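Q: Got a structure for you, written out below as structure tokens; questions coming shortly.
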Amino acid sequence: MTHLWVRAEQRQNEDRVGLTPAGAAALLEAGLRVTVEESASRAIPLQGYIDAGCEIAAENSWPDAPPDAIIFGLKELPDDGTPLTHRHIMFGHAFKGQHSGKELLRRFREGGGTLYDLEYLVDETGRRVAAFGYWAGYAGAAVTLKAWAAQQRDEICGPVGVYKDKHALLADLAGELDAISMDRPTAIVIGALGRVGTGAADLCEAMGVSVTKWDMAETASGGPFPQILDHDLFLNCIFARPGTPVFVPQEALGAVRKLTAIGDVACDPDSDYNPVPVYDRATTWDAPALRVAEAPVLDVMAIDNLPSMLPAESSEDYADQLLASLLTLPDLNSGVWGRAKAVFDEHVAG
């Protein structure tokens with residue numbers, strides 16, 4: 001019997017989950033065994049999983065799970081260097097040259113486990129079967145606007161936190177912007193036709209921000225792109241990959257520009273293909289903006305778990321998208337799982 005073990009997230013400010021109680025009930029009905037760990041932070045209460053009939057395990061007990069269990073989480077595992085023996089479903093961030101990813105692959109290599117990276121669960125056309133992108137773009141645009149608002153107060157953006165829902169986020173952000181006696185800024189979104197870019201543009205438009213929407217056609221030339229510097233905000237919603245153009249190069253820091261806030265929603269600063277190479281590390285909930293230039297200022301927002309600002313909505317959305325693939329877990333050798341393992345095998349051997 002296929003055994004899915006839903007682990008608690010161990011990263012700070014990570015309240016999301018990739019399986020809802022309704023989804024768990026569907027897996028049980030299909031004959032899978034489902035264990036859900038207790039969690040002090042998960043946005044969806046444990047009682048729903050109990051009512052669905054799931055087995056319950058202690059928080060963070062997954063290292064002692066049966067060897068045949070498939071461990072399912074979202075964000076990274078504790079960085080303790082231990083070999084990984086299980087099959088894991090999660091966002092590994094290990095296949096695009098990331099330095100931390102090399103260490104993760106070493107742990108899988110030493111333990112004999114397997115990574116089914118959620119970013120590489122794709123259908124026959126190469127399209128991802130599930131993504132948090134919309135809510136990443138939505139929250140990322142909101143925090144970037146907060147960074148811009150802080151600049152108007154001669155400050156740098158302060159800590160951000162979790163919102164009950166998007167309406168609470170919109171009310172908070174509108175109040176902050178309305179307190180500034182200035183017109184709304186202008187923004188340019190690159191990747192505007194994708195999930196991430198759509199979320200970013202929707203948030204901007206809800207706040208009355210004029211948005212220039214670019215996608216592949218507008219960036220096909222490979223750059224440079226001086227038009228980006230003519231906007232107050234730039235929201236990068238294209239994930240780094242070989243061939244991705246550089247959108248804001250180092251020399252832009254000293255150029256004449258209107259641009260003062262970058263939201264790198266894709267957030268891959270240690271990738272070899274980073275299209276926004278003016279910063280070198282992700283930002284945090286406690287310090288959302290990294291100042292990379294003065295006179296005029298330029299702040300970069302690069303939080304790498306943005307959807308957790310809206311954990312209930314983003315969890316439900318993502319889990320609904322992923323459920324059809326989870327129902328095929330009994331056949332790990334084909335479909336989305338077979339394709340994901342092929343990507344893992346290629347990189348773990350390197």
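The values are calculated or read from the model by the stated rules, or taken from the named source; none is laboratory data. The shown structure was predicted, so the numbers you read here are calculated from the model rather than taken from an experiment. Cβ atoms come from the backbone with ideal geometry, glycine included; neighbour counts cover every protein chain shown. All accessible areas refer to the heavy atoms of the entire protein, side chains included, with ligands and DNA or RNA removed. Shrake-Rupley method; radii C 1.70, N 1.55, O 1.52, S 1.80 Å.
Q: Could you sort 300-306, 266-272, 73-79 so that the peptide with the highest average Cβ count within 10 Å comes first and the rest follow in order?
A: Details: 300-306: 26.4, 266-272: 20.4, 73-79: 17.6.
Descending mean neighbour count gives 300-306, 266-272, 73-79.
Q: First obtain the Kirkwood hydrodynamic radius of segment 140-216 from its Cα pairs, then insert it into the Stokes-Einstein equation at 37 °C and 0.692 mPa s, and state the resulting D in µm² per second as a whole number. Let's see the in-between values first.
A: On the way: Rh = 13.0 Å.
Answer from the Stokes-Einstein relation: 253 µm²/s.
Q: So what's the gap between the Cα centers of segment 9-87 and segment 270-318, to the nearest angstrom?
A: For segment 9-87 versus segment 270-318, the Cα centre distance is 27 Å.
Q: Rounded to a whole number, what % of the accessible area of segment 133-309 do carbon and sulfur atoms account for, probe 1.4 Å? Walk me through the numbers before you get to the answer.
A: On the way: 3810 of 7130 Å².
That fraction is 53 percent.
Q: Mean projection of the alpha-carbon convex hull of segment 133-309 over all orientations, in nm²? Intermediate values should be presented prior to the final figure.
A: Working: hull surface 35.5 nm².
With every direction weighted equally, the projected area is 8.9 nm².
Q: Can you give me the C-alpha center-to-center distance between segment 332-350 and segment 180-241, rounded to a whole angstrom?
A: 34 Å
Q: Let me ask you something else. Once phi is turned into θ = phi - 60°, what whole-Hz ³J(HN,Hα) does the Karplus curve with 6.51, -1.76 and 1.60 give for every residue of segment 242-258, x standing for Gly and Pro?
A: Running phi through 6.51 cos²θ - 1.76 cosθ + 1.60 with θ = phi - 60° gives x, x, 5, x, 7, 8, 10, x, 4, 5, 5, 4, x, 7, 5, 7, 8 Hz.
Q: Give me the accessible area per residue for segment 173-260, probe 1.4 Å, as a whole number in Å².
A: On the way: 4030 Å² over 88 residues.
I get 46 Å² per residue for this part.
Q: In angstroms, what radius of gyration and Dmax does the chain have, counting Cα atoms only?
A: 20.6, 63
Q: Something else about it: Which loop trypsin sites (Lys or Arg not before Pro) in segment 163-227, with loop taken from DSSP, have no more than 13 other Cβ atoms within 10 angstrom of their Cβ? Before the final figure, lay out each step's value.
A: Numbers: sites: 164, 166, 195, 213; in loops: 164.
For trypsin sites (Lys or Arg not before Pro) across segment 163-227 that sit outside H, G, I, E and B with at most 13 neighbouring Cβ atoms in 10 Å, the list reads 164.
Q: As an exercise, identify the trypsin sites (Lys or Arg not before Pro) in segment 229-308 lying in DSSP coil whose Cβ has no more than 11 other Cβ atoms within 10 Å. Let's see the in-between values first.
A: Numbers: sites: 257, 258, 281, 291; in loops: 257, 258, 281.
Passing sites in segment 229-308 are 281.
Q: Mind ranking 133-140, 321-328 by how tightly packed they are, going by the mean number of other C-beta atoms within 10 angstrom, highest first?
A: Numbers: 133-140: 26.9, 321-328: 18.1.
So the peptides 133-140, 321-328, ranked by packing, come out 133-140, 321-328.
Q: Using only Cα atoms, figure out Rg for segment 238-320 and give it as a multiple of 2.2 N^0.38 Å.
A: On the way: Rg = 14.4 Å, N = 83, 2.2 N^0.38 = 11.8 Å.
Relative to the rule-of-thumb radius for its length, segment 238-320 sits at 1.22.
Q: Show that you can apply the helix-only estimate: for the chain, add -39,500 (n - 2.57) for every DSSP H stretch of four or more residues, divide by all residues, and state [θ] at 222 nm to the nearest 500. Display every interim value, and only then the final one.
A: Details: 9 runs with 108 residues, N = 350.
Here the helix-only value at 222 nm equals -9500 deg cm²/dmol.
Q: What whole-number value in Å² describes the accessible area per residue of segment 1-111 for a 1.4 Å probe? Walk me through the numbers before you get to the answer.
A: Working: 4650 Å² over 111 residues.
With the other protein chains kept in place, segment 1-111 gives 42 Å² per residue.
Q: So what is log10(I(q)/I(0)) for segment 1-144 at q = 0.14 1/Å, when the Debye sum runs over its Cα atoms only?
A: The Cα Debye sum returns log10 ratios of -0.73.
Q: Most mobile of 264, 320, 15 per a Gaussian network model of the chain (Cα springs, under 10 Å)?
A: Highest fluctuation among the options: 320.
Q: While we're on this one: Take the cross-link list 75/102; 146/213; 96/213 and give me the ones stretching past 24 Å between alpha-carbons.
A: Working: 75/102 16 Å; 146/213 20 Å; 96/213 26 Å.
Exceeds cut-off: 96/213.
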